[in-house]
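Here the structure comes first, spelled out in structure tokens, and everything after it is commentary.
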Amino acid sequence: MWMTEQLPGYIKHGDITDLINRDGYFGSFNLWYWPETVKKSGLPALVKEHGSWFVYDKCPRYNIFKRGMAAVLDEHSAKQIIRFNEFKTDPLSVDPVRSAENAIAARSDLNPANKHYPFAALGSRCHGAIDAKLTSMKLQASKTFTAVAGPTWGAQSGSDNLPPFAWDQVTNGHPCYPYATKHVGQLNKPYAFDWMLFSQRSEEHTSELQ
């Protein structure tokens, strides 16, 4: 298994097979992994200012994923972890403060707008996981994958049972309000979608419709 990270004018790649064999997976958390890319990206300055939230193997998402991977035994449990967000109750969602950003499937639109956060990434904003895709050895054999649209919600998100995102609930003061007039073609009802199976046949059908 080889993994590549890229910065403008710089590419770092390397063999992570030993890590895969040791942990059973490689998690990506929007933070640089290779020491060379960490240094060149300027990330050490953020670590110095804000601490472990900007460290690949110390950030909340890394620790939540590491804790949950032991329970991933099949397709269903894999879906659960990549849509997981229990920020209201999870003890790992509090570094450095409790935030809906501190989850596998972030929902920063649910953070209180009147609360103070140490830095903007933790606060109330129109940001988070907007979908999820999953495949397996079995699904790949038939050129098939499963996916779900929209931010995590309900039982998908864990015991916190988060509400589905809905554009018709975006009013002045909501972090997504500046984008409310730019979602042409999207639904004006809750994004309460479940997982769907996609195959080469479904793609061919979509192409015919276009």
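The values are calculated or read from the model by the stated rules, or taken from the named source; none is laboratory data. Quick caveat: nothing in here was measured; it's all calculated off a predicted structure. Counting neighbours? That spans all protein chains shown, and the Cβs are built from the backbone with ideal geometry, glycine included. Keep in mind that these areas ignore ligands, DNA and RNA; they rest on the heavy atoms of the full protein, side chains included. Shrake-Rupley method; radii C 1.70, N 1.55, O 1.52, S 1.80 Å.
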Taking the chain and a Cβ-Cβ threshold of 4.7 Å, the cysteines left without a partner are Cys59
Once you wrap a convex hull around the alpha carbon atoms of the range 111-210, what is its projected area averaged over all directions, in nm²? 9.0
How much length, in nm to one decimal, is gained on full extension between Trp195 and Asp168, taken as 0.36 nm per residue of separation minus their Cα-Cα distance? 7.5 nm
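Please report the orientation-averaged projected area of the range 120-165, defined via the convex hull of its C-alpha atoms, in nm².
Values: hull surface 18.2 nm².
The number I arrive at for the range 120-165 is 4.6 nm².
Assuming R0 = 41 Å, can you tell me the calculated FRET efficiency for the pair Ala155 and Tyr10, based on Cβ-Cβ distance, to the nearest 0.05?
For Ala155 and Tyr10, the calculated efficiency is 0.45.
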Once you list every other residue whose beta carbon is under 14 Å from the beta carbon of Phe26, what net charge do they have if Lys and Arg are +1 and Asp and Glu are -1? -2
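Residues of the range 1-97: accessible area per residue at 1.4 Å, in Å²?
Working: 5950 Å² over 97 residues.
The answer is 61 Å² per residue.
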Would you mind telling me the share, in percent, of accessible area of the range 115-204 contributed by carbon and sulfur at probe 1.4 angstrom? 58
Measure up Lys88/Lys115; Lys12/Lys48; Lys39/Lys88; Lys40/Lys133; Lys12/Lys143 against 26 Å on the Cα-Cα distance and list the ones that go over. Lys39/Lys88; Lys40/Lys133; Lys12/Lys143
Cα convex hull of the chain - mean projected area over all directions, nm²: 14.2
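Pop the C-beta distance of Asp18 and His76 into the FRET formula with R0 = 30 Å and round what comes out to the nearest 0.05.
Working: r = 29 Å, r/R0 = 0.97.
Computed FRET efficiency for Asp18 and His76 comes out at 0.55.
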